[in-house]
Each structure stands twice: as structure tokens, then as C-alpha cells.
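What follows is a single structure, written as C-alpha cells, with notes after it.
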Amino acid sequence: MIEFIDIHKAFGPKKVLRGVSLTVDKGQIMFIIGASGAGKSVLVKHLVGLIRPDKGRILLEGQDVTALTEEEYYPVRKRCAMVFQNSTLFDSMTLLDNVALPIRKHFNVSMKEARKRAIEKLELVNMADAAERFAADYGDGMRKKVAIARALTLDPEFVIFDEPTTGIDPISAGIVDDLIRDLSERLGVTCIVISHDLRSIFRVADRVAMLYQGQFRLDGPPAAYRETDDAVVHQFINGLPTGPFEL
Amino acid sequence: MATEAAPAPQPTQGEETPLLHRFLEGVGGPFTFVGREIFELIRVFALTFFYLFYRPIRWREVVRQCYEMGYRSMFFIAVVMGFLGMIMVMQTGLQAQKMLGDLSMIGALFLQLLFRELGPTITAAMIAVRVGTGLAAEIGSMVVTEQVDALRMNDAEPVQYLIVPRVIACLFMTIVLTCIAMVISFASAMAGAYLMFDLNPRTFYNTDLLIWGDFITFAMKSLAYGIVIPVIGCHAGLAAFGGSEGVGMATTRAVVNASLGITFVDFALSAFGFVFIY
């Protein structure tokens, strides 16, 4: 279980998070939605220590990870993988080496063994055929799929997906959705997904929380977003250009 | 699962900061900014120094950076130092001709100046422009595209992975480039003296004023600049935020901070030389 308790975070005068609390149960697929710049990525980066809160606590399976040192975060990051918004592949490496990198860093295995494991993960996202090509040769969609494969190399218990289907074609987006669902159902992996993709939300989410002005506006199952009377949520979900929603 | 309606968010607009608070922020802001900047620089410098002695060092990246920083800067530095040598000798030659009428010591003076100041410091200023900004832009881009976060997620310490190879390469190449720049500058000054004042190159090439202390000063300055420039450039890159605007600000910050850093180091080492060596 992941618990964010009363998280506050400001960047200079801008208060991004104003006392956010959230609990994500084991094996759950939790979607976090909100306008661009609402603080969704900022919130999830607190879990793996990429950003430290000004106030508040983060518990991972009951362990307080709020004030760990960089070295103490290493085992946490092994358990908790992250797929970044920008894919973050290293252009000078082949796709295979990109995926093999975490295996070589975390486990004392031979290059051959690391590459074998990496191929298995690339097969999950239908990218095994391109394993020996360089990351720089591919567009955003392909890179994103490889980034997902890389995140899964350490068989994490928790995976954070930051806009995993943005910029990829609908079929690939469907593959990613199925992968997330599969991770949760078959392996019991807890998934936190940041997304604007309404189709994905209604297809795979167990629970959806909407971040608005530094706090959660609505937290519940996807159906709750269709039934809500909240004008702000209604405007956001339906993509209406006018209404009470303040950007 | 039950739907939880969250409490209404705090208002974001219409919040007024007290006047005294704003006044104190305005007065103290620049001091806290400079203090934080110096603290962060010292922290990055200390971490870099620590990881310099920590295995593994990415030697292939060091070689690649040597090529990027050294080979690709050579033409720019050679041209500037070549012209600078000629301009310096022309200006000093004219003054010396008017006041003394004797140009026999101009080469010896120029050589001493080249070792003590002109060679290491002007070369460092050009390396700061060419290399420091490049480092800030490269690492700043990695920060804003979350590549540095990805490194941290893979247990790779950004200072060890990114900064250490660049510092080793810049340290080595600063010394090499400074030596090349000095040779070119002296040769062009010698040619200039011959063409403009008909001064025999054998007369110009005069090492009488050089002492061992000049070599020590030259070595100390080159080494210090070779560390200061990449650390400042990489620090500016790591501190980048936002998008392309943030990367632009990082490059500006790198060139300003590196110029200030070079000036302070130059002053400190020149004062050291004045007190203990000359």
C-alpha cells in the first residue's frame, strides 16, 4: 500500500500541492488526472525521492520513505519503477542496452544474461525485433514502449506511469492499457498512472483521483466521474472550453 | 469503493502577502540567492571531488568529452589567441617605441605575461564560453527531459555519471589547449613584431625574465580553471528547470558564473604568486 499524507510542495512562490492525501491499495490501478501543471508528476515523484516534500509523509508498505538519503532510496527505486513522460531513453545506446541497463546496475549478472532478460521485456511491448537499433532512430511512441519495458526489468511491485499513452497510436495505446491491466491482475503490481487519456481511464482504472488547485477534487471509481454533479470535474472530463474550471 | 468528495481547495487568487514580508523578501532575496548558489556550488564541487576517487570512472566518456571539448575548441582558441598576441605586441611595441625607443625586451616581457596571465586566463575565458555553456545546455536538457531523474531511478548518481567524466576531460584539455594557445599566441606575436617593428625573431625569443615561479603559476591557474569551468557549467545545467527557457537560463548562468569564478581564482592565485613566488 502507498500512502501520501498531507503533502505540501511549493516551487518558489507557486504552491503546487496544498495538503494532498492519497492511499493506493496493493494491486490497484490508480489514475491521477488533472490539468497540465496541476502537480500530478510532482506528487508521484515524491514516492521515489526525486522530489522531497516541504511538509507531509509518504509511506510505502508502512515504511516511511519521506526523509531517506539518496542511497537509502536505492532499494525503494528497485521496488518502485517509473515510466517517465519523456521516455528518457539514452540515445547513444541500443534499445536492448537501454533495457539491460537497470539489470546490470542492480543485479550482478553477465552481459549475456542481462540482454536475455531485456529481450523478454521487449517482447512484452512488441519491440524485440528492433532490439539492436538505436533509441535515437525511433519516434516518441516506440520510445515510450521501450521505456515501459525498461521499467519492468526489475519486476517491480509498484509502477508509476507518467502519461504512458500520450503520443502513441491507438493500437499501441491499447497494448499499453492491456499491459497495465495484466500487471495488476496477473502479477499483483500496484500501478499509479498519470493520464489525460479518457479512453484508458474508463478502460483500465480501478480508481481515479482528480488533482485541482493543489488538492484532490474527486477520488473514486471511473463511474463516479460520469455521475458527478461537480461542475469543475464535469467540465474537465467532458473537455468543455467554458465553465468554472480555472487553469 | 465509495466516492469521496474532497474539501474545496484553498483560494489561490486574492492572497495578499504582507508589505513587511514583501519588503524583507525584496531586500534579502539577492543575498539568499547568492548564498544558496555558493552553497550548491561547493556541494557539487565536493561531490565531484569525492567521485573522482570512486570507481568506476567512465573512461570512454572521458575520451569522447576530450574530443568535444578539446579538438572542437582548438580552432576558435587558436584564432583568438593568435590575433590577441599580435594586437598585444603591436600596442606595447608602439608605447615602448615612443617612451624608450628600444624594443629588445618586448619579447621577454610578452613571454612572462603569457605565462603569468594571458595564456591561462584568456584561454580559460574562451573555454568557459565554448565549453561551459555547452555543458550547461547539455546537462540542462537532460534535466528538463527527465533523463537525470531516469539515471537516479537506475541508481546512477548524476554527479558520478555525468560530471566526473566531464571534469577529468576538461582538466586535461584545459592544460593542453592553454599550451597550444600560448605557442600560437607567441608565434603570432613574434611574426607581428617582425612585420611591424622589424624586430628579429631571435631577439624577440628571450626567456631571460622567465622564472620557475612563472611555470608554477601557469600550472596552478590551468589546473584550477580546468576544474572550476566544468563544475560551474555542470552545476548550472543540473539547476535548470522548466523547458527550453530553463536551458537558456542555465547557459547564461554558466557563462556569468564561470567568468566570475575565473576572475576570483585568477585574483587569488595571482595574489598567492605575488606573496610567495615572485
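The values are calculated or read from the model by the stated rules, or taken from the named source; none is laboratory data. Because the structure is predicted, anything quoted here is derived from the model rather than measured. Using ideal geometry, Cβ is built from the backbone for each residue, glycine included, and neighbour counts are taken over all protein chains shown.
For (1) modelled with pLDDT under 85; (2) not polar (S, T, N, Q), each residue gets a yes or a no:
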| position | (1), (2) |
| --- | --- |
| B:Q10 | yes, no |
| B:E15 | yes, yes |
| B:R43 | no, yes |
| B:L47 | no, yes |
| B:L52 | no, yes |
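Taking the range A:72-91 as the range and being out of contact with any helix residue (DSSP H, G or I) (no Cβ under 7 Å at 6 or more places or on another chain), within 9 Å of chain B (Cβ to nearest Cβ) and either assigned to a loop (DSSP other than H, G, I, E, B) or more than 30 Å from A:K55 (Cα to Cα) (or both) as the test, only A:N86 passes.
The residue that is farthest from A:E61 (Cα to Cα), among those in the range A:24-38 that are aliphatic (A, V, I, L, M) and in a strand (DSSP E or B), is A:I33.
Restricting A:P170, A:P221 to those that are surrounded by fewer than 16 Cβ atoms within 10 Å (Cβ to Cβ), modelled with pLDDT of 90 or more and not assigned by TED's automatic domain parsing to the domain that holds A:L96 reduces the list to A:P221. Residues being at pLDDT below 90 and either more than 14 Å from the chain's Cα centre (by Cα) or of a type in the set (G, A, S) (or both) are entirely absent from the range B:111-134. Restricted to the range A:98-115, and to residues there that are over 22 Å from the mean Cα position of the chain (by Cα) and assigned to a helix (DSSP H, G or I), the residue that is farthest from the other protein chains (Cβ to nearest Cβ) is A:K112. Just one of the listed residues (A:D140, A:D219, A:D229, A:D178) is free of Cβ contacts under 8 Å to residues at least 40 places away in the same chain, on the phi < 0 side of the Ramachandran plot and within 12 Å of chain B (Cβ to nearest Cβ), and it is A:D229.
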